Structures are given as structure tokens and as C-alpha cells.
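The structure appears right after this line, and notes come after that.
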Amino acid sequence: MRKDSLLRNVPFVLGVSFLLLLLISSYLYSLYGAQVQPDKMLYDKNGNVVALAPFAPSLEFPLGSDLDGNSFVFKLIEGAKYTIGLAIAVAFFRIIFSFLFGYFLFRLPSSLRNVFSGLANTLHYAPVTIFTYLLIAPVVLNFSWSYDVSTKIIFPMLVLTGISIPVLALYIQNELEAISKKEYIDSAKILGGSGFYLFRKHLAPFLYPKLWLLFVQQVGQVLIIFAHLGLLNVFIGGTDVRVMDVDMKTGETTTQSFSMTNEWAGLIAQNFPYAQSFPWMVLAPVTAFALSILAINSIVYGIENRKTFKKRAVKTSMPAKAVILEQEHFKLNGSSHSSNQG
Amino acid sequence: MSKSFVRRSAAQFLLTSLGILLIGSLPYLFFNMKSQLEILEMIDQKNLSNTLFLYDTIVFNVNAYVHQLIHTIEYLFNGNMLEYYARGRNLPLFPTLWDAYSLSMSYLVASLIVSVGAGIILTIMTMVLPKQTRAYIKGLFFIVESLPDIFVILLAQLGVIWIYKQTDLLLFNVTSGFNDQAIFLPIFILSLLPSVYIYKYLLLSFEEEENQLYVELAKGKGINRYRILMDHMFRNAMVSLFNHFKGVFLFALANLLMLELIFEMNGVMKFIYKYGAVNTEMVTLSLYMIFLPAFVLFTSIEWFIERWTARQVGAR
């Protein structure tokens, strides 16, 4: 195996195997998982009731249980495929469309491009979650009566994809700009290459590794937005609002949203009213989000510091050069970080 | 002040203002907002109970969008006649929005100051340490930084409750009521993650500075290590931090949203969340209220940096 192979990269392997394990067990669980009827009461050896659902975290219920007595571990595993799957899908489309749009921006005259970047600057003055929410909420919450289920699922996905395209496209356009300033591009131009050919043969190949990294980062970003939207009471993959209770005096209705898929954001939204009395009911899905995002970030770290790990291996055999190598590592690290702001 | 700087800032200002206007009214482009709002009002006023017959699709309504843009501009220059729709009634926007806004902004500004301070102190403390120890600390902060804000803020809330249960010491009313707005704990929690963010960024730029030639030269001249750190590297690292201050600000805003929701504070983010979807004009106004001071801040920082570097270059 090559020394800089990603398979020898500990953070990368840890992150990927965590996510793969989660996804595989999620599919296996919904295929073969035993449908155990949950018990709302917990008995001791003599058959006395010791606890009522929701149960606090214990050995039997590592992350606690929900109101019906279902263990959160299984709920989260079942929901993983929807949450992570959707995040990967959204991130994928984000990259595809940003790539196309970034190329379009690249070909645009710089004055128009500056106008666009000035407009896109708006997204720096409020969290992305708010913009996403304001565009999704009419469909799934405020006017939920008039849109059908497929609209309620597809439209949020489109918004989640579209909202990040301006910023990502500008980033890709910047990268293209930087590559096109290299000397070999001039040579290619002199040799007669132009326009799309130049892009396809000389610019794009340099962009692909960066796009991969961007893709993984975007999966993490989408997961964070999912978690936020859960707290904002939006269920990705359809919100079902039901009227639970009507106050006779004021006529105000108490509504509650439901998610049938155990999708994580939905679990946060559904359980947030119980956060004060049964903290684990919200903490469990949030922890699932946190762990997945940690896994994503360690994959990103692994990819970004690929060369470093190779050099560390060299370092052990040749301690005399250690200082210089380490300096290079910090420089690398710094430049990759400063280019990722935005 | 140089002319090009003013022109650049003015263009940026106009474009971003236009962008806020365009984004704020976007719902009118995709939904039949007018008829939907009428139906919502009927439902809220109990004139309509059966909504099963209603059906709508996503539209692309350029006419209504342009109309709403003009309406929003009128709304913004309408002075104190502003209203917002909530549960079947139109309520006066001020002073409700103003109260929410000043609450949020005071938390935001205070926590930004705290996190810049904490970030700087932590970085300097780390920079004094040997490189190997630094690597461990960086690893630890990598994990902390990876945690989503919602997780950290939720844990902080549970921590407050736990401390209260253990010691009867209430650090902060976990859910704010009227009149007893807590000060220290929200600022503390709001500055946690931005501090880590600033710390990470500053550490990187400090380490980048460490390898610069001028540091070598200063070392060679026998200047004290701390003096190099505090005098020379510090200044340059701060410049690159403030060049990225926009990112810090945005990050803090996202944290503010989570804080207001989890601690049930009536800040501007919560206000937008509750009423924003049916009051797009109000959203546009709130966005301007966040944008204007932030823009002034960023522009003045940019101007100071520009002037400072110009003077440095001139002195050389």
C-alpha cells in the first residue's frame, strides 16, 4: 500500500467506518430487526413496577427511551439512513450545481461577477438556518394545509440545495481563477486550447480533489442545518402537523408535529417540549448528530492532512529533519484553512 | 481615507442592501402568499375550519414578487406605523421588535468581546508551551470545535440544571421570564464556541507567523521570546484574525439563534422564527437592523487595517 494512501490515515478511516457502520446497521435493522412491542413499564425481578416510560439512560437503555418505551439507540439507528442519506444527497446536489454555476461565473465578465458576489454577501448577515427556515416554513408549517406530501418533501430539499449555491459557486469560481493563473494554462492557450476544452482538460482535473473535500464538508454542514431545523420544528422529509388540543376559552389550538421515520431532526422537533423534564429525549438525537458531524470532520481532517501523516512516518526514521518537516506541516495546515473560509 | 476604499465600501453596501431586499421577499416568488395569508387570517379568526378542499402548488410568481419588493420599500420608510401579523391580528411592531433586538444585540456584542479576549488569552498561553504539548491541545480543541452548537448549548443548559439540583445554586433562570433577564450565563454560553473558533484561527496564524523570516531575525538578534510573541507576532496575527471577523460574526449569529431557542429568550432571532414566515417585510427590516451596525463595524475594521498596513509599508 502506498504510504499516503487514505486507508492508512487513521482519522479518515475512523470517520468513514463509523458512518458506514451506522448506515449498514440502519438498513439491516429495518430489514431484519425484530419488531418488539415496547413496554411502557419497567419491572424488577419480583415483577414490581420500578419505572414508567420514558426511562432514563441505563444499561438496558443506553440513551434512554421515548414516551412509549422504545430504546433510543434503535430509534436512532433506524433513522440514521434517512438523515445521513438525505444529507449526502443534498450535499451531492449542492456540489454538482455549484460546480456548474461556478463555471458559469468564471466565464462571466468580472463586473457582473462582482455584482453577484456583492448580492451573495447578504448571506453573511444572518444564519443560513434562518434563510432556509423562512423558505421552507410556508410549505411545511404555516400553510401546510395546501401543499401535498411530495411538495413537502421535495421543496425543502431544493431550498437546502439552493441556499448554499451562491457561496459555494463563488468559492469554486475563485479556485478556477487561481488555477487559470498558472503558467501551464498560458502554454495550453498558446498551443491552441480554448474555452471549454481548457476547462475540461486543464482546470477541472485540479478541481476534483478540492470538490471531494468540499463534498464531505458539505455533508457536515447539511447535518448541522438539519439539527437546527429540527429545533425550529421543521421535519426534513415531511412535517405532519396535527391538532392535539383546543383551548375552549381562547380558541387557540395546540398543535404537535409528528415524524414517522425516526429521522433525527424530526426526533429533536418532536421531543423538544420534553427537554426540561426528560433531557435525554432531546439529547439522544442531538448526540447522534454530534457524533456524525465529528466523524465527518475527522474525515475532512484526514483528507486535509494527508501529506502530514506520510511525513510523520518519515519523521520517526529520520529525527534529524523533524523540525523542518513540522514547519511545512503547519504552513500546509494554515493555507488550507484560510482558503476554506466562507 | 482613500477614494477607492470609499467607493468599494459604498458599492458593497448598496449591493448587500439590495440582496437583503431580494432575499427577504423571496417567499412571494414561490408561494401565493397573498391568498395564503388571507386563508391563514380566516383560520386564525375561526371563519374557516375545514381546509381539506384547499390545494396549492409551488409557483413562480414574478409579478407578485416585484409588487412585494415595492411594498417592502414603502414599509421600510413608513416610520412608526409598522405592524406585524400574529394569530389573526395586526400588532404594532415597535417596541416589541426593538426590545427583542436590543436584548439580542447586547448579548451578541458582549459575547463577541468576551470571545475575542478569551481567544487571544488562550492562544498566547498555548504559544508559550512547547510544540508537542501544543499538538495535544490542538487535538482536544479539534473535537470541541467539531461539536455542533446545538449540542454544546443544550449540554450547557443541562449543566446549569444539574448544578442547581446539586447545590441549589441557580446560575441563571434557565427559561427567562419577564423582567429578570439573566446576563452572565447567556453571554458565557454564547461566547463558548466563538472563542474556540477564534482560538483555532489565531493559533493557526500565530504558527504561520512563527515560521516567518522576521521572527528568525528577531530571535537571532537575541530579543526575548515573549517580546517577539507579544509585540511582533501578535500584531500580524490580529490583522489576519480581523480579516476573518465576518466568519466569526456569522458563526456567533447562528449560535445566538440556538441560544434563544433553547433558553427560550425573546430575542430578535426568536422573533423572526415565530413571525417571520408570514411577515416578510418584518424579516427584511430585522435583517437591515442586523446588517447596518455589522457593516459599519466590518468597514471600520477594514479601514483601520488598510491604514495600518499602508503606514507599515510607508515606514519601510
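Might you work out the accessible area of A:Phe143 for me, using a 1.4 Å probe with all protein chains in place, and round it to the nearest 10 Å²?
The accessible area of A:Phe143 comes to roughly 0 Å².
Only Cα pairs under 8 Å and at least 6 apart count here; give the relative contact order of the stretch B:96-278 as a rounded whole percent.
Relative CO of the stretch B:96-278 lands at 38 percent.
Tell me whether the stretch B:115-154 comes out rounded, prolate or oblate; compute the Cα gyration tensor, take square roots of the eigenvalues as a ≥ b ≥ c, and use a/c under 1.5 as the rounded threshold.
Verdict is oblate for the stretch B:115-154.
Give the long-range amide H neighbours of B:Ala86: residues separated by 5 or more places, or on another chain, with amide H under 5 Å away, using H modelled in the peptide plane at 1.01 Å from N.
Counting only residues 5 or more places away or on other chains, the set is B:Leu91.
In nm, to one decimal, how far is the B:Phe77 label point from the B:Thr309 one, both placed 7 Å along Cα→Cβ?
3.8
Given R₀ = 35 Å, FRET efficiency for B:Ile223-B:Tyr136 by Cβ-Cβ distance, to 0.05?
Once rounded, the FRET efficiency stands at 0.80.
Using a 10 Å cut-off around each Cβ of peptide B:12-20, what is the average number of partner chain Cβ atoms that fall inside?
Per-residue shielding by partner chains comes out at 5.
Let me have the relative contact order for chain B, percent, based on Cα pairs under 8 Å that are six or more residues apart.
Computed over chain B, the figure is 25 percent.
In nm, give the distance between the simple-model label positions of A:Ser17 and A:Phe104, each being 7 Å from the Cα along the Cα-to-Cβ direction.
So the label points at A:Ser17 and A:Phe104 sit 4.3 nm apart.
Filter the trypsin sites (Lys or Arg not before Pro) in the stretch A:101-185 down to the DSSP loop ones having no more than 11 other Cβ atoms within 10 Å, then list what survives.
Passing sites in the stretch A:101-185 are A:Lys181.
Tell me, what are the semi-axes, in whole angstrom and largest first, of the equivalent ellipsoid of the stretch B:96-278 as set by the roots of 5 times the Cα gyration tensor eigenvalues?
In descending order, the three semi-axes are 37, 18, 13 Å.
Just list whichever of A:Lys210/B:Lys246; A:Lys152/B:Lys34; B:Lys3/B:Lys200; A:Lys152/B:Lys274 have alpha carbons separated by over 31 Å in the model shown.
Over 31 Å apart, Cα to Cα: B:Lys3/B:Lys200.
For the stretch A:261-291 and the stretch B:1-38, what is the separation of their C-alpha centers, rounded to whole Å?
So the two Cα centres are separated by 36 Å.
Using protein chains only and a probe of 1.4 angstrom, how many square angstrom of B:Arg8 are accessible, to the nearest 10?
Solvent-accessible area, nearest 10 Å²: 120 Å².
Loop only by DSSP, 12 or fewer other Cβ within 10 Å of the Cβ. Give me the trypsin sites (Lys or Arg not before Pro) in the stretch B:185-264 that pass, ordered by residue number.
Passing sites in the stretch B:185-264 are B:Lys221.
Could you tell me the accessible area of B:Val313 in Å² (1.4 Å probe, neighbours in place), rounded to the nearest ten?
100
Using amide H atoms built in the peptide plane, which far-off residues or other-chain residues are under 5 Å from A:Asn305 H to H?
none
What are the extents of the Cα atoms of chain B along their three principal axes, in Å, largest first?
Rounded to whole Å, the extents work out to 83, 61, 35 Å.
Convert each backbone phi in the stretch A:194-203 into a coupling constant with the Karplus relation 6.51 cos²θ - 1.76 cosθ + 1.60 (shift: θ = phi - 60°), then list the ³J(HN,Hα) values in order as whole Hz, x for Gly and Pro.
Rounded to whole hertz, the list is 8, x, 5, 4, 4, 4, 5, 8, 10, 8.
Residue by residue through the stretch B:18-25, what is 3J(HN,Hα) from phi via Karplus (6.51 cos²θ - 1.76 cosθ + 1.60, θ = phi - 60°)? Round to whole Hz and write x for glycine and proline.
Residue by residue, the stretch B:18-25 yields 4, x, 4, 4, 5, 6, x, 8 Hz.
Taking chain B as a Gaussian network, Cα atoms linked when under 10 Å apart, which of B:Met289, B:Met265, B:Met230 shows the biggest mean-square fluctuation?
B:Met230
Once a ≥ b ≥ c are taken as the square roots of the eigenvalues of the Cα gyration tensor of the stretch B:14-96, is the result rounded (a/c under 1.5), prolate (a/b larger than b/c) or oblate (a/b not larger than b/c)?
Cα axes put the stretch B:14-96 in the oblate bin.
Return the single residue from B:Leu241, B:Leu256, B:Leu140 with maximal mean-square fluctuation; model: Gaussian network over chain B, springs between Cα atoms under 10 Å.
B:Leu140
Using a 1.4 angstrom probe on the protein heavy atoms only, line up B:Val248, B:Val152, B:Val66 by accessible area, largest first.
Largest to smallest exposure gives the sequence B:Val66, B:Val152, B:Val248.
Could you order A:Leu294, B:Leu14, A:Leu67, B:Leu190 so the one with the most accessible surface comes first? Probe is 1.4 Å.
B:Leu14, A:Leu67, A:Leu294, B:Leu190
Along the stretch A:174-183, what does the Karplus equation 6.51 cos²θ - 1.76 cosθ + 1.60 (θ = phi - 60°) give for ³J(HN,Hα), rounded to whole Hz, x for Gly and Pro?
4, 4, 4, 4, 5, 5, 6, 7, 5, 5
The values are calculated or read from the model by the stated rules, or taken from the named source; none is laboratory data. Quick caveat, the model's predicted, so the values are computed rather than measured. Cβ atoms come from the backbone with ideal geometry, glycine included; neighbour counts cover every protein chain shown. For accessibility, only protein heavy atoms count, side chains too; no ligands or nucleic acids. Shrake-Rupley method; radii C 1.70, N 1.55, O 1.52, S 1.80 Å.
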